[in-house]
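Values quoted throughout were computed directly from the atomic coordinates according to the rules given, and no laboratory measurement underlies them. Because the structure is a prediction, the values reported are computed rather than measured. When we count neighbours, we look across all protein chains shown, and the Cβ atoms used for this are built from the backbone with ideal geometry, even at glycine.
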Amino acid sequence: MSRKLEPAEYVWEDSMKFTALKALGTSAVIALVTTSSAWAAECIAPANPGGGWDFTCRQVGKLLYDLQLVDQPVQVTNMAGAGGGLAYSYVVNERNTDPDLIVAASSATTTRLAQKAFGDATADQVRFVGAIGADPGVIVVAKDSPFQSLGDMVEAIKADPGSVAFAGGSAAGGFDHMKPLQIMKAAGFTDIGSIKYIGVDGGADAITQTVGGFTQAMTGDMSEIVGFIQSGEVRALAVLTEDRVPGFEDIPTAREQGYDVIAVNWRGFYVPKGISDDEFNAWAEKIQAVADSAEWKETMTANGLAPFTKVGGDFQSWVDQVVADTEALSKEIGVIQ
Amino acid sequence: MEILSNLALGFGVALSPLTLILAVVGCFLGTIIGALPGLGPSNGVAILIPITFTLGLDATAALVLLTSVYYGAMYGGRISSILLNIPGDEPAMMTTLDGYPMAKAGRAGDALVISGVASFVGALLATLALAMVAPYLARIAYKFGPAEYFALYALAFATLGGMASNNQAKAALASFIGLAIALIGLDNNSGFYRFTGGNLHLADGVDFLVAIVGLFAVSEVFVFIETHGKASAVGVKLGKVTVPWAEMWSTRWTMLRCSAVGFVAGVLPGAGASLGSFMTYMMEKGIAGDKGGFGTGVAKGVAAPEAGNNAAAGGALVPMLTLGVPGSGTTAVLLAVLMTLNITPGPTLFADRPEVVWGLIASLLIANFVLLAMNVPMVKIFVKVLMVPPAILLPGVTMISFVGIYSLSGSYFDLVLMIVFGVMGYVFRKMDIPTVPVILGILLGYQMENNLRHAMTLSDGDWTYLFASPIAAVLWIAAAVGFIAPMFLRGVLKRPQAPESAIED
């Protein structure tokens, strides 16, 4: 900013013109700020401050600026509403050709698109430009829980479906709800509707309910449980990734316990549909650069994120596949018709 | 002694010239943001986040600035409640009930001083409690499940009847309207949308900030236009501000009681400052009885909610720091800032980053003294902002309301909704229906319903689950007492020499 104030320095040379030049200088600054805001990047977090999308926007926005990939601090706009649906329809309808806009997205975005939870909106109305990390799905119990392995829990549910209630941070039918259902399905249990689930306000709240003994297990993301794992108040029964997560090697995967379920909450972005391929690729490169930076790797470790980088066309086709799979699964478990 | 060395560490971090300047700036901005209707602590903090990043502040400095704004806004909210009958933010809602009648009676200065001191007592005690017992207190949150929360909200509603003493049926009607509005939006328990008419803007329900600005600020504009300013609240004069020592001393127990209750309400995630100020006001009203004159402009009526909501603001930091569970909208914003600064709040924060936690606590203590100075001896500066002629003030209030609401979601829909609430508030005022219960219905209805349905899911529909735990049972008894007691007490208290003096001295 200080560089732009230079015109005002002339005032010292001729005090007679002080006022006029000061006014000129000020208007020049205003003009500069106004024009520059046109090419400053904006990141929309489709939720209130505090959640995962907000975190994605703020962390990546900060790194984009720190790594000098953009020349102005990235402006973060919180646009909460309809679980991301409001921001989605806003981008589709009103910002469809804006090349300076990225929107934070995650598995929740594609889950809701697949379940038609954003009204008539479909996943092909935007371009998914990149994922920079993934929050592995976890199933967690309180430290004094009788369940020592995922198998113990699965058997208990099979014996009496009502005996285990799950708490999670998403509404019924959301991503957190799907994780235990997928596990039980993989275990050959068919009466999916009898599994108890309560959707509370976020993962930390779900843990509090579980530690308090009101629910028997918590279904959520790794980032939500890091502090509680370290303090020893909860135990993770399983992580829903292909391999064990670096830094949390003592948590077994569901797959190695015989339940082949992979559920990771990727963190990434979509951009408006109407931008050019060059503009799309430019964003993909910037996101790749952030993903490769040492700072981002540090952030991921500190927040329980596992490496998961897919950008550009690769990512788009991966998302298309996930949406198709989710839609099929949602129909199968009766969340949608 | 450990706490003293921790505090020394904290003050070592907080007492640098930069952080002191940030605390003063934050307190000043916060008080103004709080005093302006439509802008509350959560927008205030959210607006300042980008500035902290642009200035390149480190974790402690950023937290000092933002929490000073947070505390400042909690102090400032009362100013427009008292002078304009428009709450500056939602926790200051209860302060209008006695603050504005006091101002109308020419005692605006007394109301500002007493509520300012009450804010100081509440915030100071809460900060000290935060310093001493936060890690242990966090465990309270583990004791509250769906049944306990439902009982807590039921307690809030059970005491509602006592609020509008002239017509309880109208208060009940108003709270049912609020509860009905709370049903709009995503049903968390089935994943389906209710009463949204397919409109995505309604998918998350109605934001209570939209309702409060509409019901109070916009309806005030309508009344002003209709009466050409005669019946309007705007235009209260503030004379010389003196300290009413004797009257303030008479509220000492009120302040202490309300600080304790407010702090606990703040610690419970999901209850927050608004519930804190509501419950403390109703509690003091109950203790004082009909003789207390609550609602007619008494000192205790402004001391109670202000001590309560400022204590709750401190209390809300407990679950945020120790569990990562925000206890209020503003702490949700602060949580986001912490995460962005690579500090993960949670059970290990006090051990992992003592300099952050104790620096924060020390700066909160400093901020409190700065705020006391700004809000009592220097309160006239802020009053000046609201004391411009109505012809300038009201368009200004309207504009800030629109900007503030637009900054929430960035959608015109909320602006339209705010005007609808403004019309509703105007009609309600004509019909003498209180608007505070509408806000409470919207504020608590969603959580109340969710917790009831969670309880029913967990217990397979067994109603006795709601009363099964000791905490729930105590809350239910309190609710029953709160509901029934006013009916009997009214008769009993008509006798002279009510037991009030016993409580007083």
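Worth pointing out:
- Share of Cα-Cα pairs in the range B:346-481 lying beyond 27 Å, as whole percent: 61 percent
- Restriction of the GluC sites (Glu not before Pro) in the range A:235-282 to DSSP coil positions whose beta-carbon has at most 14 other beta-carbons within 10 angstrom yields A:242, A:249.
- Two-site label geometry, residue B:18 and residue A:276: point separation in nm, points 7 Å out along Cα→Cβ: 4.3 nm
- Site pair residue A:68 and residue A:40 shows an inter-label distance of 2.0 nm when each label is modelled 7 Å from Cα along Cα→Cβ.
- Charge dipole magnitude, Cβ of K and R +1, D and E -1 - chain B, Cα centre, debye nearest 20: 1140 debye
- Dividing the summed -39500 (n - 2.57) terms of all DSSP H runs of n ≥ 4 by the residue count of chain B sets its mean residue ellipticity at 222 nm at -23000 deg cm²/dmol.
- Volume per residue for chain A equals 150 cubic angstrom (convex hull of Cα atoms).
- Cα convex hull of the range A:66-158, projected area averaged across orientations, nm²: 10.1 nm²
- Among B:273, B:292, B:184 the positive-end extreme of the charge dipole of chain B (Cβ point charges): B:292
- Estimated translational D of the protein assembly as shown in µm²/s (Stokes, Kirkwood radius over Cα pairs; 10 °C; 1.306 mPa s): 57 µm²/s
- Sequence of A:160, A:292 once ranked by neighbouring C-beta atoms within 10 Å, starting from the fewest: A:160, A:292
- Paired Rg and Dmax values of the range B:33-129, which use every Cα atom, in angstrom: 14.9, 48
- For the range A:57-72, 3J(HN,Hα) per residue [Karplus equation, 6.51 cos²θ - 1.76 cosθ + 1.60, θ = phi - 60°, Hz, x = Gly/Pro]: 4, 6, 5, 5, x, 5, 5, 4, 6, 4, 8, 6, 7, 10, 9, 10
- Residue pairs, from the table B:104/B:300; A:143/A:331; A:273/A:331; A:185/B:143; B:170/B:291; A:143/B:143, whose Cα atoms sit over 25 Å apart: A:143/A:331; A:273/A:331; A:185/B:143
- A Förster radius of 45 Å, combined with the Cβ-Cβ distance separating residue B:432 from residue A:336, puts the computed FRET efficiency at roughly 0.40.
- Each Cα pair of the range B:331-426 feeds into the Kirkwood radius, which the Stokes-Einstein equation turns, at 37 °C and 0.692 mPa s, into a diffusion coefficient of 187 µm²/s.
- Gaussian network model of chain A, springs between alpha carbon atoms under 10 Å - residue of A:65, A:259, A:197 with greatest fluctuation: A:65
- Computed P(r) (all Cα pairs; chain B; 10 Å bins; percent): 4, 20, 31, 28, 14, 3, 0
- Reducing the range A:254-285 and the range B:265-309 to their Cα centroids gives an inter-centroid distance of 50 Å.
- Antiparallel content of DSSP bridges confined to the protein assembly as shown, in %, to 5: 65 percent
- With Cα atoms defining each centre, the range A:169-230 and the range B:1-80 are spaced 36 Å apart in the structure.
- Taking every DSSP helix (H) stretch of at least 4 residues in chain A, weighting each as -39,500 (n - 2.57) and dividing the sum by the residue count yields a mean residue ellipticity at 222 nm of -13000 deg cm²/dmol.
- Going from the residue with the fewest nearby Cβ atoms within 10 Å to the one with the most, B:228, B:454 rank B:228, B:454.
- Isotropically averaged projected area of the range A:73-122, using the convex hull of Cα atoms (one quarter of hull area), nm²: 3.7 nm²
- The residues A:179, A:158, when put in order of fewest to most other Cβ atoms within 10 Å, stand as A:158, A:179.
- Among beta bridges that DSSP assigns inside chain A, antiparallel share in %, nearest 5: 60 percent
- Projected over every direction and averaged, the convex hull enclosing the alpha-carbon atoms of the range A:144-208 yields 4.4 nm².
- Amide H within-cut-off set for residue B:193, under 5 Å, with H built and near neighbours excluded: B:187
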